[in-house]
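Here is the structure we will look at.
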């Protein structure tokens, strides 16, 4: 019997998504549903993926009858992401790429909306993704488009034993956090509070603090005006966040200006810090990849053992007691028990999409391959620890996939619980999710660097950054930038409506 293409693809979805990667691994139908289909996969080179996939790809090809062609892509910073990935969407079917490049590829039309059929629980199980990820990093105007593999969020680590001895609680707000930082000599015996303020990471650290002051629950506008595209980086919320950031840094040792998240994690677990902001990179604590970090060779890293007899705890990043309501030009109280909790993510990690140029059959095969490679049965071997973070509710039951060996089971459960709370937060902001992102981030970094040397110029700093952002926006095209931002928020572009 011959099937039209749509019917044949639907049958393939039923056969393969319903069997490959299942626990019993027993196909519903004895057939090779993708026989003769070629699936080309593009992915970042240098992460060990090609070697890790070898056995899994052989098994998947044998089961499905498809052929996989791998195209590793060098991301050296000397060319755009589009150039690095071959210049057009014809270059691959399944595309694994940095989260920070979603707008670059998405605005160029590289990937379509994921169909409702593919989003079902027995296929990609879209609703298994944490809400913040599926509504922001994963979705664009039109609907779901990419599936995250790693998307770290910053978390506050604290010495539980020291806080308990001083009858203190972990911070819920940035005000409480600052008080702990300024009184750390009293409760932590001279151990400091540390944050990642290296040149590579300081823009991210600043924005992670700023979003709770800036993102009002009734408004879309955060970084750019959704109607004009005008930068908002010099607004009252960003201004207060910069003032608070400067106060925090002044209460910390000067070394934090060279620390990235890896340094903060190392110092905290070595017992040399009372609180730290960082995140986990998995088994054996590898250097983070596809995340802003200090340039260093992994061979130069000397693992340090965890300090003995320290008790540690975790809490989501603090929120703010007030948030600036831009449309009313007033400061408003936080809505969640008086606290405005907002998660910043999308500053690093890896996600996947299928090319808009792929046929329906190729699309089905590509997503099936992705599901197989990222299944809980395969992921421990197919993706190195530094290339994966917890992104789904179902993954919470497998802490060994996400955590290092120097955490106890109770500590690991606490950490994953706080991360899940951050990722499931409906108030979720992706870091600068627009074309030209790296230019905007570089301009913000330059302004922060100047301000850290001359703290008295905080107000002028953001005016200068705003001026530079406007220059970048005008080169891109203000309407083009505006619509890039709108697409990232799930809003209709305005260019064709005006």
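With each label modelled as a point 7 angstrom along the Cα→C-beta vector, the residue 128-residue 329 pair spans 5.0 nm.
Taking Cα atoms only, the orientation of helix 409-423 departs from the longest principal axis of the chain by about 80 degrees.
Let me have the 222 nm mean residue ellipticity of the chain computed from DSSP H runs of 4+ only, each contributing -39500 (n - 2.57), with the sum over all residues rounded to the nearest 500. Result for the chain: -10000 deg cm²/dmol, rounded to the nearest 500. Taking label positions 7 Å along the Cα-Cβ direction at both residue 58 and residue 117, the computed distance is 3.3 nm, reported to one decimal.
Put simply, region 90-198 fits an ellipsoid with semi-axes of 43, 16, 11 Å; these come from the alpha carbon gyration tensor as the roots of five times its eigenvalues, largest first.
Convex hull volume of the C-alpha atoms in region 224-303, normalised per residue: 145 Å³. The alpha carbon convex hull volume per residue for region 130-248 rounds to 156 Å³.
Would you calculate the volume per residue, in Å³, of the smallest convex hull containing every Cα atom of region 366-498? Write out the running numbers ahead of the final one.
On the way: hull volume 26.6 nm³, N = 133.
Expressed per residue, the convex hull around the Cα atoms of region 366-498 is 200 Å³.
What list do you get for 201, 370 if you sort them by fewest beta carbons within 10 Å? Please report the intermediate quantities before stating the final value.
Values: 201 27, 370 21.
Exposure proxy ranking, most exposed first: 370, 201.
Can you pull a Stokes-Einstein diffusion coefficient for region 54-115 at 4 °C (1.567 mPa s), Rh from Kirkwood over Cα pairs, as a whole number of µm²/s?
Calculated translational D: 97 µm²/s.
A straight chain from residue 302 to residue 35 at 0.36 nm per residue would run longer than the Cα-Cα distance by 91.3 nm. A P(r) calculated from all alpha carbon pairs of region 293-424, with 5 Å bins opening at zero, reads 2, 7, 11, 14, 15, 15, 12, 9, 8, 5, 1, 0 percent.
By other beta-carbon atoms within 10 Å, ranking 376, 191, 369 with the fewest at the front produces 376, 191, 369. Each peptide among 44-51, 222-229 gets the average number of other Cβ atoms lying within 10 Å of its residues, and from highest to lowest they stand as 222-229, 44-51. Sorting 277, 476 from the fewest to the most surrounding beta carbons within 10 angstrom yields 476, 277. How many percent of all Cα-Cα pairs in region 133-175 sit more than 15 Å apart? Within region 133-175, distances greater than 15 Å cover 62 percent of Cα pairs.
Annotation: average projected area of region 382-422 is 3.0 square nanometres, based on the convex hull of Cα atoms across all directions. Secondary structure note: in the chain, about 65% of the DSSP beta bridges are antiparallel. Take the Cβ-Cβ distance between residue 200 and residue 179 as r, set R0 to 25 Å, and report the resulting FRET efficiency rounded to the nearest 0.05. About 0.30, to the nearest 0.05.
For region 41-71, backbone nitrogen atoms closer than 17 Å to the point 7 Å from residue 108 Cα along Cα-to-C-beta are found at 41-45, 71.
Once the Cα atoms are used to define both axes, helix 437-453 deviates from the longest principal axis of the chain by about 20 degrees.
Label sites at residue 359 and residue 228, each approximated as a point 7 angstrom past Cα along Cα to Cβ, lie 5.1 nm apart. Compute the long axis of helix 360-373 from its Cα atoms, compare it with the longest principal axis of the Cα atoms of the chain, and write down the angle in degrees, 0 to 90, nearest 10. Here the helix axis deviates by roughly 60 degrees. Starting from a Cα-only point model with no solvent, please compute log10 I(q)/I(0) by Debye for region 432-498 at q = 0.11, 0.15 1/Å. Evaluating at q = 0.11, 0.15 Å⁻¹ gives log10 I(q)/I(0) of -0.32, -0.54.
Hey, how much of the P(r) for region 280-323 falls beyond 15 Å, as a percent of Cα pairs?
Details: 629 of 946 pairs.
Within region 280-323, distances greater than 15 Å cover 66 percent of Cα pairs.
Measuring how big the chain is from its alpha-carbon positions, Rg and Dmax come out at 23.0, 79 Å.
Every number in this text was worked out from the coordinates using simple rules, so none of it is lab data. Being a predicted model, the structure only gives us computed values, none of them experimental. Because the Cβ atoms are built from the backbone with ideal geometry, glycine has one as well, and the counts that use them run over all protein chains shown.
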